[in-house]
Every structure is written in C-alpha cells, then in structure tokens.
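Written out below as structure tokens is the structure these notes cover.
The values are calculated or read from the model by the stated rules, or taken from the named source; none is laboratory data. Just so you know, these numbers come straight off a predicted model, no measurement behind them. Every residue, glycine among them, receives a Cβ derived from its backbone with ideal geometry; neighbour counts consider all protein chains shown. With ligands, DNA and RNA removed, areas are computed over all heavy atoms of the protein, side chains included. Shrake-Rupley method; radii C 1.70, N 1.55, O 1.52, S 1.80 Å.
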Amino acid sequence: MRTPPKEDLVEFFFNILPKPKAVSLGTDDMFVDLFRAAIGTFITESRRKEMSKTDMDYRYLLEHAKISMNHDTGGRYDHHYFVSRLIQLTLENPMGTENNSMKAQHFRFWRWVARGQRDEKSPFIPAQKASSAEDRICHAYLPSRPSSIPCANCGKLGATLRCGNCLILTDEHETYSMPYCTRECQAKHWKWHHTTCKVIKPLYRAMALFQDIFTDWCTLTNPSSVLYIEETENMVRYCTVNDDNEGAFRGKMIASKFPTSLHASWMTALMTDHSKSPQTTARPLLERFLSAVSIPYNTLIEVHTTPRNADKTTAHTSRHPDTDALWHTYNTTLPHRVLLIPLPDGTHLVLDSAAAALGWRDTLVPWAAYRKHRVVNVTHRAPVETMIHPLRGPGEISGRTEAEGVVLRRMVCEDVALAVKLRFGEERLRAVLGMDGEEWEGERGVFRDFARRRMEKEVERLEGEGVFRLYYDLDFALWCTVSKEEAEKLKYVWFTAKEYRNFKKKGIKKLQDEWEKRWRKELGCDREEMGIDP
C-alpha cells in the first residue's frame, strides 16, 4: 500500500481504490475485496492524521466508510451501502472533465453508473455520434438496424427479409425476427427454423398476458408507501417512507395500492420495487401461461445481471418517519434479475418483467441481443428450481425486511392463477394465443379486466378477515396478524390516525409508552400469553 500524502487523505483514498472499470461494478468478489481493503486503510490513516473539519468530502467519506465496515453493528462490510453513498456524493459535487485526478475520474465514473451506463456516454471513450437517422441511439428498445443484421442462413450482413409468421413488433420496433437476405435462404433454413417458428407467436402472446396481470398484481399489492415521484434527466427519483412504525401502531396491512396518479413515470418506480424476478411470488401465474405453450417451468434459468444502457434509472430514497434519516439506492448498482426461456432451436428468450425499472419497453427479447446491449456482466446463473426463495408465514414477518408482504402477494397470485384457469379453460387460452389484430387485443383486455377484478376482491377479502395487519408486541418487535380473532384482540390497542399524529408529536417515547399502556389495559398480558401464536 502506498504511503499516504502529507495533507490530502481524500485524494489518497481515491488513489488506493480499485480503478473504475465498466466490467466491475462491485458485483464480483475481487472488486468488493479491493474496495473493502481500501476503505479499511482509509479509516486507519484517518486515526493517524488530523484533517480539517471543514473538509466536507473527507467528513462524509469517513462517516460512511465506518458505517459500511460495521453495518448494523454486524461487523460485515456493506458494499452497496458505501457505493450508494459515494454516488450521492458525486451527484451533489460534480467535477469538470478538465480535472484528471483519480478523484475526478471516480466521480465521472460513478455519475455515469447512476445515469444508466450508456455506451455513448462512457467516461473512458470519446462520445459516439449517430451517422444517420437509422443509427440514432434509442435505449428504450433493443437496436434493430437493417444494415448490421446477418442472414440466419448464410450469415451475409444487411438481411432485409423477415419470416412473417414469427415477426414480433413492439411499438413498431422489431422485438423478435428471423432475418434472411433472399427467399432462397429462407427456404433452405426452414428445416431448422420451423419448430421454433410455431412457438414464437403463442409464447409472446402468453407472456403479454402474464405481464399485464403481473403489472396489476404489483400495483395492488405494493409493499411501500410512496411519498413522491419526480423525473430529471431521465432519472426517476422517488421517495418511500419506512412506515413500519405507523403501520404497526395503526394496524395497517403490509401491502397497499401503488399511487399511479403521482407521476407519469410511476411504472419505473413501481417495477424498481418489484425488480426481483417473478418466480419469487408470481410463480403460480407464470406457470399458468407457460403451460399453455407447453414450456415446463423447471426448464427456465434465473440470471442475475449488472445492467447497462438504461433508458431511465431510479434513485430510491427511503425516509425514516421519526429520525428523517435518508437512505439512497440506485438501481444500476444492484443486480437485475431475469428469466431465460428455452426455444426448440437451442437459443433463449429473456423474460424481464421489471424492464420498466430501467426504462426498457420490451419485456421478452432474444437473450443474445439482450446480453450484448444491456448487460455488463452476469453475476449468477442457475436453473430456477435450484434457487432458494424462502417464504415465511404471516406471523413470522419481522422488521424491515424484503419478506414483508411476500405471503400476501403469493396468496393473491395463487388465487388469480386458479381463477384464470377455471374461468377461461385451456382450450380458450390456446385459441386466444393464436389470435391477431383487434381480435387479440380485445381478448387481451378481457383477460386483464377479469384478473384485476379478481385480485381486488381477494385483497378486500384478506383485509376483511383481519390478516396481514402489522402490530408491535411489548418488546416492540414487529408482527403480523394471522387471523380475524387476533385482529379483534388488537382492535382497541391500535391508534386512530389522529391519535397517532398527536402522540407522535410528543416523541417516540410517548408513543411507545401510550402503546404499552393500551396493550396492558386491553389485553392484560404479554403476546405469548394471548394465545395468538401462529
């Protein structure tokens, strides 16, 4: 390790950090280990040398370096925490391109990461210019440039013909196509293409139905309380309040409807919260539509990627309701999870149900093109059946974890998957998947309307039964009701909205004291003695 300079520890810190690389965004173990070692050295040197308290960058970096090394007092380095804080610093303190110090290079690099890692904006290569209208860069869709597409049969570039039976368009952009340079090449290639050709259109129709219902399902069972959504420079900023406090004191359900009226970019914010791949809780629904095209669920592959070339990115700010402490995360620094669907010809399509989180409008595309244009590196790849996505019972939900609401969402998903099967039947579903034009769009609307009404009724039923409502015990551990009887016992303990606001103004201690007083008055015992354990 190099000797620290006599004055500037901040510049020293950026000099010992691993050099910024587009291929290593904190997702591989070596990169994370180098980061952790540099942060440890920075903290050690800060104890040996006094720095000016007016150096805001130094104070900021040292504070969050210490937190990241002992995150939640667990003694484990939290790489995503530190990177998020580093990005926040670079966005608030821009440095010009004329400064070529290592600190300036890191600032430019992490700003680029936060803004979507677009190839043409890379800080390491000269800006790229479009040579013609045809080549103008659009990140919302995968590029489909006739001048660069090879013939599927002979490989000659500039294939302009397409197989009309499996040509899929999304907003007039080619989402899937089989290109040829001549009719002769198409005829010669048919013996390899015909099995896949028959699958493509029904599969795209099936996944369109799934995506419609998946989006509504995410909207109706969203775990976050969103305060605002705004967009600047293709970055969607949205803030959620970490309201376990209010939810537990008032007996709120652990999921609520997403406020789609807040901003035109609500879909980007929504899918950022649901960017884990759909097999976690939407598996029953996905299986329902895959079975209609005879694709077994267990043939799918789950892939975790580091994304690039985002059309939009998100900066998610969560605010604690009592301390007002802010936590910023940027979705381009986190793993993006997708599913690979095998085709008869040995290739794969990638299902990216949360594509809107990165501004992408095509959710089912060829994996080869997706890998080339939207992936920095693959951090994990395994069959879906080997992935472990544990589900916990409603009474076991604790704290501010990703598992909050997972059981409720799974129940709603299972219900609508069964309802779709009983309402439409296998024969009608297969017939719909072969439709085109207005006939297809009409049936698609029928499916979506039915599924949405069914999910709304199921959420209302669960709410009426008193399950999935948050509460605290006397130790202020977070729990969730599992029955109507349990909710009835807590009915006179929970605060009204007005009561909660009034007690909160007097401080969290007053709020907790009043809760404990109500608990003992109405229930007269600890939670374990109430007979409400799951």
Of the convex hull enclosing the alpha-carbon atoms of the range 232-305, the direction-averaged projected area in nm² is 7.9
Between the modelled labels at Asn298 and Ala187 (7 Å from Cα along Cα→Cβ) the distance in nm is 4.4
Here the Cα Rg-to-2.2 N^0.38 Å ratio for the range 442-494 is 1.64
For Lys510, the lysines lying under 25 Å Cα to Cα, once residues fewer than eight places off in the same chain are dropped, come out as Lys252, Lys489, Lys491, Lys498, Lys521
Expressed as a percent, the accessible surface of the range 159-305 that is carbon or sulfur, using a 1.4 Å probe and the full set of protein chains, is 50
Result for the range 427-534: accessible area per residue, probe 1.4 angstrom, in square angstrom, of 59
Using the Kirkwood radius over Cα pairs of the range 135-252, the Stokes-Einstein translational diffusion coefficient at 4 °C and 1.567 mPa s, in µm²/s and rounded to a whole number, is 70
Whole-Hz Karplus couplings 3J(HN,Hα) for the range 420-429, θ = phi - 60° and coefficients 6.51, -1.76, 1.60, Gly and Pro as x, run 5, 5, 6, 6, 9, x, 5, 5, 5, 4
Pairs over 32 Å Cα to Cα, from Lys372/Lys457; Lys19/Lys49; Lys198/Lys457, come to Lys372/Lys457; Lys198/Lys457
Counting only DSSP loop positions in the range 445-513, the GluC sites (Glu not before Pro) whose Cβ has at most 15 other Cβ atoms within 10 Å are Glu465
Once Ile508 and Phe124 are pulled to full extension, the length gained, defined as 0.36 nm per residue separation minus their Cα-Cα distance, is 133.3 nm
Using alpha carbon centers only, the range 437-464 is separated from the range 253-317 by a whole-angstrom value of 18
For Lys421, the accessible surface traced by a 1.4 Å probe with all protein chains present amounts, in square angstrom to the nearest 10, to 110
Filtered hits (lysines, Cα-Cα < 17 Å from Lys509, offset >= 8 within chain) -> Lys517
With every protein chain kept in place and a 1.4 Å probe, the range 222-310 has an accessible area per residue in Å² of 33
